[in-house]
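See structure below.
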Amino acid sequence: MKYVVVAPVGGSMDALFVGIREFPTERVILLVPEGKADEARKAKHDLDRFKIPAEIQEIKGSVWESVFMKIAEIKNIEKGKEILINTSTGDRNTTCAATSAAFVNGLKAIAVDGNEAMLLPVLKFSYYNMIAGRKMEILKLLAKPGCCASLEELSRKTKMSLPLISYHINGNLKSEGLKEMGLIETTEVKGRVGVTLSTLGRMLIKGYIGS
């Protein structure tokens, strides 16, 4: 079995070759943030020496959103393939984003420490099962421009009572709310509570998180 390895390009590209040594690799997809094109080309050249094809995909704009989007796209395109995320090749932001994207998409990931590569636990769960029904309705509404300046406005637009809106947002002892799940953010201005999607919430609505 050989892997399609996905690796963000950063300051630790030696970790790419440590991972390849321990995990047989069919090809490599390099996720390249702005300013890292030279490192990507060098890594591709080095991979050519080992007869391992490499593809360069640029990351533009928000690093977190772009990494999540690319990994979700790769998962869909490479159906039937074994995908492995190398979380140790990038900088702090791309490493964290790649680790989180592997986690929420149920993909295998490795971390490299020195000359050793360690397979991280595969943690599979579905946000979509956890937020079915009215929680998802709230998220979709919040994704629309201009919503929502207050809980009262959200209540009117969803046709849910304020206590029910509060329950879905804040949860209780038995059920996590959208805020605790990291999918929304709240702000209080002059006694009124506004609600917006978090970065994770936006990525879920856009389909960048596996079901």
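Summary table below
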quantity	calculated
Using alpha carbons only: equivalent-ellipsoid semi-axes of segment 127-205, gyration tensor based, whole Å	17, 14, 12
R27-K51 pseudo-label distance in nm [points 7 Å out on the Cα-to-Cβ vector]	1.7 nm
Segment 3-119 - Debye-derived log10 I(q)/I(0), Cα point model, q = 0.16, 0.22 Å⁻¹	-0.63, -1.31
Positive-end extreme of charge dipole, the chain - chosen from L162, L16, Y208 (charges on Cβ)	L162
CD proxy at 222 nm, helix term only [per DSSP H run n ≥ 4: -39500 (n - 2.57); per residue of the chain; nearest 500]	-12000 deg cm²/dmol
When each of K79/K135; K70/K144; K179/K206; K36/K60; K140/K179 is checked by Cα-Cα distance, pairs over 20 Å	K79/K135; K70/K144
Angle in degrees between helix 37-49 and the longest Cα principal axis of the chain, rounded to the nearest 10	50 degrees
Per-pair calculated FRET efficiency, R0 = 35 Å: S62 and K190 via Cβ, rounded to 0.05	0.70
Solitary cysteines of the chain, where the nearest other Cys Cβ is not under 4.7 Å	C96
Inter-site label distance for M130 and I77 at 7 Å from Cα along Cβ, in nm	2.9 nm
Normalised convex hull volume, the chain, alpha-carbon set, Å³ per residue	141 Å³
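Computed from the coordinates by the stated procedures, all read-outs in this text should not be read as laboratory data. Just so you know, these numbers come straight off a predicted model, no measurement behind them. Glycine also receives a Cβ, built like all others from the backbone with ideal geometry; neighbour counts cover every protein chain displayed.
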